[in-house]
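This report refers to the structure that appears directly beneath it.
The values are calculated or read from the model by the stated rules, or taken from the named source; none is laboratory data. Every value quoted in this text rests on a predicted model; they were computed, and no experiment measured them. Cβ atoms come from the backbone with ideal geometry, glycine included; neighbour counts cover every protein chain shown.
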Amino acid sequence: MVMQAQQYPEIEIPTPSQIAETANLGPDEEGENRMVLSMGPQHPSTHGVLRLAVELSGETVVNLAPDVGYLHTGIEKTMETKTYTKSIVLTDRIDYLAPMSNNMAYVSAVEKLMQIEVPERAQVLRVLLLEMTRLNSHLVWLGTHALDLAAMSVFLYALREREYILDIFEMLTGARMMTSYFRVGGLAWDIPKDFIPTVEQFLDYFPPHIDEYEDLLTSNPLWRERTVGVGVVSDEDAVALGLTGANLRASGVNWDLRKAMPYSGYETYDFDVPVLYNGDIYDRYLCRLQEMRESVKIMRQALARLKDLAGGPFITDNRKVAPPPKTEITYSMESLIHHFKLWTEGFRPARGSAYMGIESPRGEFGCYVVSDGTPKPWRVHFRAPSFINLQALPHMAKGKLVADLVAMIASLDPVLGEVDR
Amino acid sequence: MLDRKTLEARVSQRFPSVVIGDESGDLALTVGRMHLVELAAWLRDEPELNFKFLNNLCGVDFLGREPRFEVVVHLTSIPNQMRIALHVGVPENDPTVPTLTRLFPTANYQERETYDMFGIIFTGHPGLERILMPEDWMGYPQRKDHPLGYEEVAFTHNEDWIYANKPFAKE
């Protein structure tokens, strides 16, 4: 065949059983012992239940294979048995650190399938919440990443600020983590009246703390020693491996779906996409920190627009997908029928399929929905960025030390709930 | 920058057998299994097209339709800021598709997942094993005829019966 010449032979992604079969055991040329180490699934640095089959020669990684699936809960299969609206709660549980991004990917895939217009105020509010989710997720990443490299205090600081965000989520939705706030066509309900002042306070409180994290880590010699030049992925390899998000942008590829294929009105906001060129752990760290600053910038603009649009609708007035307001039911028979139909049966998108990708904190979170014309989706598939980013681990870690492996896992920022779905 | 019309024209000129369609605003190409690798390689390597990034690869089971399965691949061209979908029909009696891992290493896990969930075999894949389900799982859980029903809890007294009846545990 013609295309054989242009393959990527250097990238191998082995499976755990291949490691077990092909490993050379016994002492190597330098007398170091070789072995296959099963790291995890219960290991503090694997950020959940990830098992790594690592072939070692002394302390050097010869080969490795991630073994995933411990948290598989069959979310995609379960969604096929629920109506489109009822499925939304399941999407929160995929990536439990960024529930709003998951909601957004699913909801906007259904909107794309049904060609529903979302009111401007709902779009602005979505952007505000998506960026707050990004901060939330990046703060947990920063804290655990530093903790893995033995910097204990960053974890405490990062989780302190995250608590603030979770309080805002609780105020808005009643839940700290599993928010389920997005609906097809808009949002579940309107914001409480304290919401805008609280977010304003948060935006005054938060940015100085990013400098605080930077003071602790950016020029810290211990941090630099563990991260600079470790876990390098070149730009070509990053694209071939399907890396997305900060992992891709740290390798010098300027690709952010908020800019490239804008959704929810991102094209109207003024923000920069940080791109760095070394592709190592340190650059991924800088990239995510810079993203946090940009998120604050977007949130400020969104909040100003939200004030201008006060009193506007938070969900589409298309009664075929969104329920009517409760007060309308008392005097309008038609509204009562719509309400009844939506809650007993749900809405029916036309036959077809749609793929929608959004820029979640971890990368491109995609959702593919197939409809057969009934109120339940025929098939829902999630392109989980953590799952795909994890493939880069063998490529990064070969020939490096076991101690660096921990830093590499943390820098890819996997959430195992999302890997296994 | 490439526009959709030009791409459609170039595809139909180079691959007359490919059916050009639309998937909620994105270009969708329905392609036969034997042309999949050739088409993907052409899309990736043609300088103006540059579809180097594979977003997504998944299976769909259209039970009762012929061909029963479909493998859906989404490719992105970073310089052109464009996404397209490739749809490949897969019959039930011969569920094989040539692998894309040689062109896009990122397809590795996604093909393993599709094999795990639908039993679609990607010929030439370097390590086609189950990835999310346990290694000894029988059946392909996302096929529409795989029961969703609950599984009885295994105790010593009924363990043999349960394992003998797997994967089709009682609904």
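Scan the stretch A:368-383 for residues that are at the interface with chain B (Cβ under 8 Å from one of its Cβ atoms) and not basic (Lys, Arg) and jot them down. Across the stretch A:368-383, the qualifying residues are A:Tyr368, A:Val370, A:Trp378, A:His381.
Across the stretch B:1-34, the number of residues qualifying as touching a helix residue (DSSP H, G or I) at 6+ places or on another chain (Cβ under 7 Å) and among the β-branched types (Val, Ile, Thr) comes to 3. Candidates are the residues of the stretch B:51-70 that are surrounded by fewer than 18 Cβ atoms within 10 Å (Cβ to Cβ), within 11 Å of chain A (Cβ to nearest Cβ) and not aromatic (Phe, Trp, Tyr); the one that is farthest from A:Asp235 (Cα to Cα) is B:Gly64.
Consider B:Thr76 carefully, then state whether it is more than 8 Å from chain A (Cβ to nearest Cβ), modelled with pLDDT of 90 or more and assigned to a helix (DSSP H, G or I).
Numbers: more than 8 Å from chain A (Cβ to nearest Cβ): yes; modelled with pLDDT of 90 or more: yes; assigned to a helix (DSSP H, G or I): no.
Considered against the rule, which asks whether it is more than 8 Å from chain A (Cβ to nearest Cβ), modelled with pLDDT of 90 or more and assigned to a helix (DSSP H, G or I), B:Thr76 comes out as no.
With respect to being more than 8 Å from chain A (Cβ to nearest Cβ) and either under 30 Å from B:Gly139 (Cβ atoms) or in a strand (DSSP E or B) (or both), B:Thr6 falls outside the description. Filtered by the rule that a residue be among the small types (Gly, Ala, Ser) and in contact (Cβ under 8 Å) with a residue 24 or more places away in the chain, the stretch A:203-234 gives A:Gly229, A:Gly231, A:Ser234. The single condition among (1) outside any helix (DSSP H, G or I); (2) at pLDDT 90 or above that A:Leu336 does not satisfy is (1). Just so you know, in the stretch A:384-406 the residues that are buried (at least 24 other Cβ atoms within 10 Å of the Cβ) and over 14 Å from A:Val233 (Cβ atoms) include one that is nearest to the other protein chains (Cβ to nearest Cβ), and it is A:Phe387.
Does A:Ala53 satisfy the criteria of being without any contact (Cβ under 8 Å) to a residue 40 or more places away in the chain, aliphatic (A, V, I, L, M) and closer than 19 Å to A:Ile409 by Cβ?
Numbers: without any contact (Cβ under 8 Å) to a residue 40 or more places away in the chain: yes; aliphatic (A, V, I, L, M): yes; closer than 19 Å to A:Ile409 by Cβ: yes.
Yes: the conditions hold for A:Ala53.
Number of residues in the stretch A:177-207 that are among the charged types (D, E, K, R) and outside any loop (DSSP other than H, G, I, E, B): the value is 3. Restricting the stretch B:113-136 to residues that are within 10 Å of another protein chain (Cβ to nearest Cβ) and hydrophobic (A, V, I, L, M, F, W, C), the residue that is surrounded by the most Cβ atoms within 10 Å (Cβ to Cβ) is B:Ile131. In the stretch B:15-37, is there at least one residue being assigned to a strand (DSSP E or B), surrounded by 18 or more Cβ atoms within 10 Å (Cβ to Cβ), among the hydroxyl-bearing types (Ser, Thr, Tyr) and in contact (Cβ under 8 Å) with a residue 24 or more places away in the chain? No; the residues of the stretch B:15-37 include none that is assigned to a strand (DSSP E or B), surrounded by 18 or more Cβ atoms within 10 Å (Cβ to Cβ), among the hydroxyl-bearing types (Ser, Thr, Tyr) and in contact (Cβ under 8 Å) with a residue 24 or more places away in the chain. Of all the numbered requirements in (1) of a type outside the set (Gly, Ala, Ser); (2) under 24 Å from the mean Cα position of the chain (by Cα); (3) surrounded by 19 or more Cβ atoms within 10 Å (Cβ to Cβ), A:Met178 misses one, and that requirement is (3).
For the stretch A:387-409, a residue qualifies if it is within 21 Å of the chain's Cα centre (by Cα) and more than 24 Å from B:Glu113 (Cβ to Cβ), and the qualifying residues are A:Val406, A:Ala407.
Could you give every pair whose Cβ atoms fall below 9 Å, whose first residue belongs to the stretch A:145-171 and is under 15 Å from A:Arg226 (Cα atoms), and whose second residue is polar (S, T, N, Q), counting only separations of at least 6 or pairs across chains? As it stands, the answer is A:His145/A:Ser411; A:Ala146/A:Ser153; A:Leu147/A:Ser45; A:Asp148/A:Ser45; A:Leu149/A:Thr227; A:Ala151/A:Asn220, since those pairs meet every condition given.
Identify all residues within the stretch A:371-388 that are farther than 13 Å from A:Ser87 by Cβ and in a strand (DSSP E or B); write none if there are none. Hit for the stretch A:371-388 is A:Arg383, nothing else. Residues in the stretch A:234-263 that are in a loop (DSSP other than H, G, I, E, B) and surrounded by fewer than 18 Cβ atoms within 10 Å (Cβ to Cβ): A:Ser234, A:Gly252, A:Asn254, A:Pro262.
State whether one or more residues within the stretch B:80-101 are in contact (Cβ under 8 Å) with a residue 12 or more places away in the chain, within 11 Å of chain A (Cβ to nearest Cβ), at positive phi and not aromatic (Phe, Trp, Tyr). Checked the stretch B:80-101: at least one residue is in contact (Cβ under 8 Å) with a residue 12 or more places away in the chain, within 11 Å of chain A (Cβ to nearest Cβ), at positive phi and not aromatic (Phe, Trp, Tyr).
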